[in-house]
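Below is one structure, written out as structure tokens, with a few remarks after it.
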Amino acid sequence: MEQYDFIVVGGGIVGAAVAHKLAQAYPEAKVAVLEKEGGLAQHQTGRNSGVIHSGLYYKPGSLKARTCLDGYGQMLRFAQEHGVAHEVCGKVVAAVGSEEETRLETLRLRGMENGLEGLRYLDERELREREPHLNATKALLVPQTGIIHYADATEALLRSSRAIVRLQTTATGFTQEGVATRKGLVRGKNIIVCAGLQSDRLARRDGVEADLQIVPFRGDYYELSPPAQAKVKHLIYPVPDPNFPFLGVHFTRMVHGGVECGPNAVFSFAREGYTKTAFSGADTAAALGYGGTWKLFAQHWRYGLGEYERAFSKTKFLNALQRLLPSLERADLLPGRAGIRAQALRRDGSLEDDFVLRQGERAFHVLNAPSPAATASLAIADEILRQAGYVG
Ligand SMILES: Cc1cc2nc3c(=O)[nH]c(=O)nc-3n(C[C@H](O)[C@H](O)[C@H](O)COP(=O)(O)OP(=O)(O)OC[C@H]3O[C@@H](n4cnc5c(N)ncnc54)[C@H](O)[C@@H]3O)c2cc1C
């Protein structure tokens, strides 16, 4: 049976970034990546908005803030060097009304504290030139924002790492010899788990005690019809609700063409079920048997109800989008895909907003890696190698 120097569980972008960094730090090492699906990046990484975030939103000093801007630079360099299609197209954050304008100014100051360059308000003339269809009383230009297809980036990272990728290999636990999988033991002493929506389950099996559980939230997207696509020149975002890390429905140009709008955020009855009716008994029991979920529902039922309405009513979804682009019509919205966020929830119902990394008994675990973890993946990988003691 083969013996590996390092085993990475999870073939999303975080696992791929870890494999890439291991190859740089230990060029001679044998690295295996275990992925339970038949292909790479089938979950969050392959179903996200494809934005290379600049670090505007994150609490200064948090792991998110520290890794986002660093990861942004590393992702762009990697994409340039390895021919992964990307574009730094910039984004416009649009405030509507005085309350949002105040929050936008807080965001601008936060962005400057986080080290972003070129942030500035657009005057009316420039706003009309840049986004002629946008409804905004104040608009902030964030030039350091880009787009990429993270599944392409994942494949390129793994190619460059020369790691051995073992698909359809589900990790079920950890032993002194390595990782137990449904296909038998994979031998190796140094194990890093980057399992996204399943991270809490694998961490618990490795003795990690955390006041956190992953609760899945589905986000639905629509695509804009070709004539409506011309109405979006950059990425367009609303000012986010400070109570939620989700960013509100936004317009995103995609690097391979087209414009998506969304996602909303609704509780999902399956961690990996992407239709509106998807259901998993085990996932639902885990989520509804967890006190934190009910506390979240109790605290934010009004917000949750609004999101549900948008999930089932195209008209409500359109209304949310028309707040930013009033000339959009129902026929402009074509059915799109869905993604599911792994949202770590504390027992008191509060959302864990920052990235969480933990050492278990036999493996090192990425317990929470929500947005912008795809952007930040290469910097998160640096942090993992450092915290796990693999680099000085
Ligand atoms: C709707 C949505 C929009 C987003 N938009 C953005 C964005 O624009 N920009 C950004 O930076 N971030 C964005 N994010 C966040 C980003 O996608 C995630 O933070 C990132 O993809 C996390 O990567 P990951 O590798 O940790 O998880 P995943 O991509 O979920 O990968 C985990 C992998 O582990 C595998 N796995 C799980 N359990 C096992 C097991 N037992 N054995 C073997 N394999 C296993 C899974 O099959 C999966 O392939 C978005 C997320 C969502 C859901």
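Remarks
- Residues that are touching a helix residue (DSSP H, G or I) at 6+ places or on another chain (Cβ under 6 Å), part of a helix (DSSP H, G or I) and either without any contact (Cβ under 8 Å) to a residue 40 or more places away in the chain or not small (Gly, Ala, Ser) (or both) within segment 38-48 comprise GLN44, THR45, listed in sequence order.
- Exclusive hit being near the ligand (Cβ under 6 Å from one of its atoms) and either touching a residue at least 40 places away in the same chain (Cβ under 8 Å) or in the same structural domain as ILE380 (by TED's automatic domain parsing) (or both), set GLU28, GLU35: GLU35
- Condition check for ILE384: in contact (Cβ under 8 Å) with a residue 12 or more places away in the chain, within 16 Å of the ligand (Cβ to nearest atom) and not in a strand (DSSP E or B): yes
- Segment 49-73: number of residues that are in contact (Cβ under 8 Å) with a residue 12 or more places away in the chain, over 30 Å from THR170 (Cα atoms) and out of contact with any strand residue (DSSP E or B) (no Cβ under 9 Å at 6 or more places or on another chain): 10
- Condition met for GLY83 (closer than 25 Å to THR154 by Cα, surrounded by fewer than 24 Cβ atoms within 10 Å (Cβ to Cβ) and touching a His at 6+ places or on another chain (Cβ under 6 Å)): no
- Just one of the numbered conditions (1) at pLDDT 95 or above; (2) touching a Gly at 6+ places or on another chain (Cβ under 8 Å); (3) not in a strand (DSSP E or B) is not true of ASP241: (1).
- Of the set (1) within 14 Å of the ligand (Cβ to nearest atom); (2) under 22 Å from GLU81 (Cβ atoms); (3) basic (Lys, Arg), all apply to ARG162 but (1).
To keep it simple, each residue is scored yes or no on (1) in the same structural domain as ARG77 (by TED's automatic domain parsing); (2) under 22 Å from VAL255 (Cα atoms); (3) β-branched (Val, Ile, Thr).
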residue	(1), (2), (3)
ARG130	no, yes, no
LEU134	no, yes, no
THR137	no, no, yes
TYR150	yes, yes, no
ALA156	yes, yes, no
SER161	yes, no, no
GLN168	yes, no, no
GLY173	yes, no, no
ALA180	yes, no, no
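- Boolean, PHE355 is surrounded by 19 or more Cβ atoms within 10 Å (Cβ to Cβ), touching a helix residue (DSSP H, G or I) at 6+ places or on another chain (Cβ under 8 Å) and under 17 Å from ILE7 (Cα atoms): no
- Number of positions in segment 202-226 that are touching a residue at least 60 places away in the same chain (Cβ under 8 Å), outside any strand (DSSP E or B) and within 12 Å of the ligand (Cβ to nearest atom): 3
- Residue within segment 371-378 that is over 21 Å from PHE78 (Cβ atoms) and either surrounded by fewer than 19 Cβ atoms within 10 Å (Cβ to Cβ) or within 11 Å of the ligand (Cβ to nearest atom) (or both) present: no
- Restricting attention to segment 38-53 and to residues that are at negative phi and small (Gly, Ala, Ser), the residue that is nearest to the ligand (Cβ to nearest atom) turns out to be SER49.
- The one condition from (1) of a type outside the set (Lys, Arg); (2) in contact (Cβ under 8 Å) with a residue 24 or more places away in the chain; (3) away from the ligand (no atom under 11 Å from the Cβ); (4) in the same structural domain as ARG187 (by TED's automatic domain parsing) that ASN368 does not meet is (3).
- Scanning segment 329-364 for residues that are touching a Lys or Arg at 6+ places or on another chain (Cβ under 8 Å), of a type outside the set (Lys, Arg), part of a strand (DSSP E or B) and within 11 Å of the ligand (Cβ to nearest atom) gives ALA338, GLY339, ILE340, ALA342.
- The residue that is nearest to GLY336 (Cα to Cα), counting only those in segment 49-76 that are out of contact with any Pro (no Cβ under 9 Å at 6 or more places or on another chain) and part of a loop (DSSP other than H, G, I, E, B), is GLY50.
The values are calculated or read from the model by the stated rules, or taken from the named source; none is laboratory data. Since we're looking at a predicted model, the values are computed, not measured. Every residue, glycine among them, receives a Cβ derived from its backbone with ideal geometry; neighbour counts consider all protein chains shown.
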